[in-house]
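The values are calculated or read from the model by the stated rules, or taken from the named source; none is laboratory data. As the structure is a computational prediction, the values presented were derived from the model and not from experiment. As a convention, Cβ positions derive from the backbone with ideal geometry for all residues, glycine included, and neighbour counts pool all protein chains shown. In case anyone asks, the SASA skips ligands and DNA or RNA and just uses the protein heavy atoms, side chains included. Shrake-Rupley method; radii C 1.70, N 1.55, O 1.52, S 1.80 Å.
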Amino acid sequence: MSEHESTYVPKTGIEKWLDTRLPIVRFGADYLSLPTPKNLNYWYTFGAILALCLMTQIVTGIVLAMHYVPNTEMAFASVERIMRDVNGGDIIRYTHANGASMFFVAVYLHMLRGLYYGSYKAPREMIWIIGCLIFFLMIATAFLGYVLPWGQMSFWGAEVITNLIGAVPVIGEPVLIWLRGGPAIDNATLNRFFSLHYLLPFVILGCVVLHLWALHTAGQNNPVGILIPKERHAKDMVPFHPYYTVKDGFAIILFIILFAIFVFFMPTALGHAENYIPANPLVTPSHIVPEWYMLPFYAILRAIPDKFGGVVAMFGSIGVLFILPWLDTSKVRSMRYRPTMRTFFVIFVVVGIGLGWCGGQLPDAQVVPGMPSFTLIDGELNSYLWLTRLFTAYYFAFFFLIMPLVGLKETPKPIPATISEPVLSGGYAMTAAAPASPEKKG
Ligand code: HEM
């Protein structure tokens, strides 16, 4: 795609003048006419949806910051004031709070799409790695933002998560104090969290620009997962506009409807009631839980009995995503042609949801009726913990064992020679046998 030649011809005098000085209109026009594989399905609309989510968070966040006061004495009351006295304040706050959830819904689907179609494999490693960085920054931003209303869950969530850093040997303690701005979570903590929460979305924005740059250098993957050779461009590619602007636009409308249902009809459904109680360092809530989108990682943290081990596992579960392109040994990208891997992928999705569910349970709950409890070295291992550890083991095995081994052992289905073939043959009839991709790996 990088070789895509500009077809833009400046028409008016102003356009000609600008084109020789700052060819920004040419840039936009070239972007819109980019040749794009014609078989992209609705899973490919989440990139555009994510861009919308980021913009929504930035715009609503800036307005909220005009009224929010980052001071422990006033933060909670300033948020209540936004809800009651600021014009449209309740809608803006609910859009921002639910927007975070919608952002994570979209990013998880976007990542699973990439995983399923092998979009992280050569030559798209950089698109994926920058994506992982965006994901990590999103988690950090959401965590910082959750502290700002200074409710009970804000305070105790910050207490639990920052405490984890203290578990790191030698440097843990000084880093913890540096991060909090003092020995305890207090005004200094709230101030720096506010400052960073304002900053990070713009860092994410910068990363999105790099993400798209890498995308247009390597070229978009597609559900078949094969490279479209230059001589097939005329048949297999369509210009991005109007084909995908319309498709993305339609998906965005559906997404906005879902978003609006949450904002207008159940704005607090995804939140936690405890956060409507002002922060009190002297009263620990009975059940400290993060927002739903962090629960799988929280479960992994708690799966390991040792605190430092838990921290390593939790960061490791995100870190492993960065090296994913080198763990997958398969020559075939799309799981459409990898039935064995597809089964493991479905289990992975179920395990991810299971981890989320486990992360939301009380640490000492006996929540799975009929499931046995075991007595192990670290004491009573109840049924919930039993499941959490099983799911955590599968999570890591998926990346470190299943991906490398299945890629070497499986026999993929024959891959079509072109992306048009599965459509024109009226089904999934194939011509070419494996090896899967005409493109070289690595
Ligand atoms: C603010 C967050 C993000 C935005 C705005 C964004 C935007 C986009 C856009 C517009 C595309 C092209 C359209 C599409 O394929 O959907 C894309 C593709 C892609 N994104 Fe993202 N993205 C984000 C986060 C991520 C994350 C967290 C990952 C993975 C960890 C990721 C991995 C990818 C990959 C691998 C592709 C190429 C897909 C393909 O060609 O098959 N993105 N992204």
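Remark: relative contact order (the stretch 259-315) = 21 percent; criterion is Cα-Cα distance under 8 angstrom and separation of 6 or more residues. Placing +1 on the Cβ of every Lys and Arg and -1 on the Cβ of every Asp and Glu, with nothing else charged, gives the chain a dipole about its Cα centre of roughly 1400 debye.
Which entries of Lys38/Lys121; Lys38/Lys331; Lys230/Lys331; Lys230/Lys409; Lys16/Lys235; Lys11/Lys247 show an alpha-carbon separation above 25 angstrom in the structure shown? The partial results should precede the final answer.
Working: Lys38/Lys121 20 Å; Lys38/Lys331 23 Å; Lys230/Lys331 21 Å; Lys230/Lys409 32 Å; Lys16/Lys235 32 Å; Lys11/Lys247 28 Å.
Too far apart for the 25 Å limit: Lys230/Lys409; Lys16/Lys235; Lys11/Lys247.
Can you send over the carbon and sulfur percentage of the accessible area for the chain, probe radius 1.4 Å, protein chains only? Whole-percent figure for carbon plus sulfur exposure: 72.
Per residue, how much accessible area does the chain have with a 1.4 Å probe, in Å²? It would help to have the intermediate numbers written out before the result.
On the way: 21820 Å² over 442 residues.
Here the residues of the chain average 49 Å² of exposed surface.
By the helix-only formula, in which each DSSP H run with n ≥ 4 contributes -39500 (n - 2.57) and the sum is divided by residues, the chain has a 222 nm mean residue ellipticity of -19000 deg cm²/dmol.
Sort largest first and round to whole Å: the equivalent ellipsoid semi-axes of the chain, each the square root of five times a Cα gyration tensor eigenvalue.
Working: eigenvalues 325, 196, 71 Å².
For the chain, the ellipsoid semi-axes come out as 40, 31, 19 Å.
The listed peptides 283-293, 20-30, 299-309, ordered by packing as a protection proxy, come out as 299-309, 283-293, 20-30 (highest mean of other Cβ atoms within 10 Å first).
Once R0 is set to 45 Å, what does the formula 1/(1 + (r/R0)^6) return for the Cβ-Cβ distance between Ile91 and Thr217, expressed as a FRET efficiency to the nearest 0.05?
Between Ile91 and Thr217 the formula returns 0.70.
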